[in-house]
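> Structure incoming, see below.
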Amino acid sequence: MSNPYDTGRFAEVTDLDKVNSLPDVARVVEEMLNDLREHPADWENPTLERFLDALSASLDALPRLYASRGTALPDQPTWKTFAEALVMASGYE
C-alpha cells in the first residue's frame, strides 16, 4: 500500500553525466519514454501537460541547481544541461 505522502520519482536514465551530443540527448529521451511506459504511476509528471509545466519550472530552477553544486549555470547551455532539465521535469514537484 502506498503512503499518501509519497510523490513520484524522476525518470531513470543511464549516464546522464556523460551527455555531450544530440545523439546522447536522444538516448536519454528514449530511456525516459521507456521508463514512463514501464512505470507510468511512478512518475511525478506522467502527462504532457504536467511534464511541460514541470519542464518550465525546471528550466527556471537550473541556476539554483547548479549553485547548489557549487558551480554556475553555463552561459551557453550544453546538451547535458538540456538533458538534466528533461529528467528533472519528470519528477519536479
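> If I stretch the segment between Leu59 and Asp75 completely, what's the gain in nm (0.36 nm per residue apart, minus their alpha carbon distance), one decimal?
Fully extending the segment from Leu59 to Asp75 adds 4.4 nm.
> Under unit Cβ charges (Lys, Arg +1; Asp, Glu -1), what dipole magnitude, rounded to 20 debye, does the chain have relative to its Cα centre? Mind dumping the intermediate values first?
Working: 8 positive and 17 negative charges, 48 e Å.
Result for the chain is approximately 220 debye, rounded to the nearest 20.
> Using only Cα atoms, what is the ratio of the radius of gyration of the chain to 2.2 N^0.38 Å? Intermediate values should be presented prior to the final figure.
Details: Rg = 13.5 Å, N = 93, 2.2 N^0.38 = 12.3 Å.
Cα Rg divided by the expected 2.2 N^0.38 Å: 1.10.
> Sticking with this structure for a sec: Considering only Ala61, Leu73, Leu16, whose Cα is most displaced toward the positive end of the charge dipole of the chain, charges sitting on Cβ of Lys, Arg (+1) and Asp, Glu (-1)?
Positive-end residue among those listed: Leu73.
> Kindly provide the helix-only [θ] at 222 nm of the chain, computed as the sum of -39,500 (n - 2.57) over DSSP H runs of four or more divided by all residues, to the nearest 500 deg cm²/dmol?
Per the formula, -18500 deg cm²/dmol.
The numbers here are math on the coordinates, done by the rules we state, and not lab data. For clarity, every value in this text was computed on a predicted model and none was experimentally measured. Don't worry about glycine lacking a Cβ; one is built from the backbone with ideal geometry, like all the others, and counts go over all protein chains shown.
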